[in-house]
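Before any comments, here is the structure.
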Amino acid sequence: MTLYPNLILDALRNVRYPASGKDIVSAGMVEDDIRIDGNKVTFSLIFDKPTDPFIKSLVRAAETAILTYVSPVVDIKGNINVKTRTVAPQPAVRPLADVKNIIGVSSGKGGVGKSTVAANLAVALAREGYKVGLLDADIFGPSMPKMFGVEDAELYMHKVDDRELIIPLEKYGVKLLSIGFLVDKNAPVLWRGSMASNALKQLITDADWGDLDYFVIDMPPGTSDIHLTLVQTLGITGVIIVSTPQEVALADARKGVNMFLGDKINVPILGLVENMAWFTPEAHPDERYYLFGREGGVRLAAELGVKLLAQIPLVASVCEGGDQGQPIALKDSIMGHEFIHLAHEVVYAVDQRNRELPPTQKVNVNRK
């Protein structure tokens, strides 16, 4: 089969750029440098900025289009160059300027249900009438797409004041973004710290979050440079620490509290959530079995002088709701009301925090 540039361009017209909906040829994203050497094809794709979230997916889509619409024997893998247009520098934009309160949900270690708490807190706040955003900042283990049942969702962009911004997905009244939308859900994210930090900054600063009462951040477990990136990028109102009652988890939770209160970060602790505080069978809600120890979170909160926001039982329906993409906070059940109660406690803690600030730094926590 004889290859020629127009054949390649015709194939690439089947690839659309999510931000505009136009095919990449009509959008002027294919540079006029197509080279053909036997079965080997090389060319360049042009993007407006090097941090465009669709670069990798468009390169893969372009490769697939050529192999599908031209010939499966075309040597194209790895031969698409990525270039960036030279554009005038844009004025600095203050991140999340229209967000009233930014709440981090963190844990000293993984496996304590931090993401479950973050997801259900966001849904509960939305049910109470607040405008809520949720950022899945757990770069290496994003779970929000699964918990909200949007694993196969695609992101799009639109223009706001001459800026192309990512449109967060919206479900259950919560605006949602996750790195999980931009990577293969079945492959590990093998990024160095700087790459992860840059991707996270983009989800914060290059997204149209709009006017929000609460912006909930599901932080990575442990202590890392991701936490530094978040506090340096955003003015975080306060952090919620999640732990189970067992001593191993409590030791790591203590480190997490000390990290946020340290000089390098200096972010207030809104309170502690003791998750999996006891096991309760669905059929016997009055029964309690302390599988991971008893009231360890209560003792830690008292020791550190922070508020105990909630004790969340271990109930099968909570896990099932997350697996099915339907957070339990959506339901008018005992566990649903546990997270509504947590939302009330968080709103109160934020209000108390704002009362401690100078008048010029106070924010509004009124409902929409």
Taking Lys264 as meeting all but one of (1) modelled with pLDDT of 80 or more; (2) part of a loop (DSSP other than H, G, I, E, B), write down the number of the exception. (1)
Meets criteria (in contact (Cβ under 8 Å) with a residue 24 or more places away in the chain, closer than 18 Å to Gly322 by Cα and either outside the structural domain of Phe215 (by TED's automatic domain parsing) or not hydrophobic (A, V, I, L, M, F, W, C) (or both)) for Ser115: yes
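What's the total number of residues in the stretch 7-21 that are modelled with pLDDT of 90 or more and closer than 20 Å to Lys159 by Cα?
So the count comes out to 2.
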Here is a list of conditions, (1) surrounded by 13 or more Cβ atoms within 10 Å (Cβ to Cβ); (2) at positive phi, and Leu67 meets all of them except one; can you say which number that is? (2)
How many of the residues in the stretch 154-185 are assigned to a loop (DSSP other than H, G, I, E, B), under 27 Å from His227 (Cβ atoms) and modelled with pLDDT under 90? 5
Given (1) under 24 Å from Ala19 (Cα atoms); (2) of a type outside the set (A, V, I, L, M, F, W, C); (3) touching a residue at least 12 places away in the same chain (Cβ under 8 Å); (4) outside the structural domain of Lys331 (by TED's automatic domain parsing), Arg60 misses just (3)
If a residue must be among the small types (Gly, Ala, Ser) and surrounded by 21 or more Cβ atoms within 10 Å (Cβ to Cβ), how many such residues does the stretch 115-163 contain? 8
Consider the stretch 272-294. How many of its residues are in contact with a Pro (Cβ under 8 Å, 6 or more places away or on another chain) and under 30 Å from Gly238 (Cα atoms)? 9
If you check Gly296 against the conditions, is it in the same structural domain as Thr229 (by TED's automatic domain parsing), in contact with an Asp or Glu (Cβ under 7 Å, 6 or more places away or on another chain) and on the phi < 0 side of the Ramachandran plot? yes
Assuming Ile46 fulfils every condition listed in (1) in contact with a Ser or Thr (Cβ under 8 Å, 6 or more places away or on another chain); (2) more than 30 Å from Ala196 (Cβ to Cβ) apart from one, which condition is it? (2)
If you take the residues of the stretch 281-293 that are surrounded by 13 or more Cβ atoms within 10 Å (Cβ to Cβ) and farther than 16 Å from Val318 by Cβ, which of them is modelled with the lowest pLDDT? Gly293
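The values are calculated or read from the model by the stated rules, or taken from the named source; none is laboratory data. Fair warning: this is a prediction, and the values are worked out from it, not measured in the lab. Every residue, glycine as well, gets a Cβ built from its backbone with ideal geometry; the counts of neighbours run over all protein chains shown.
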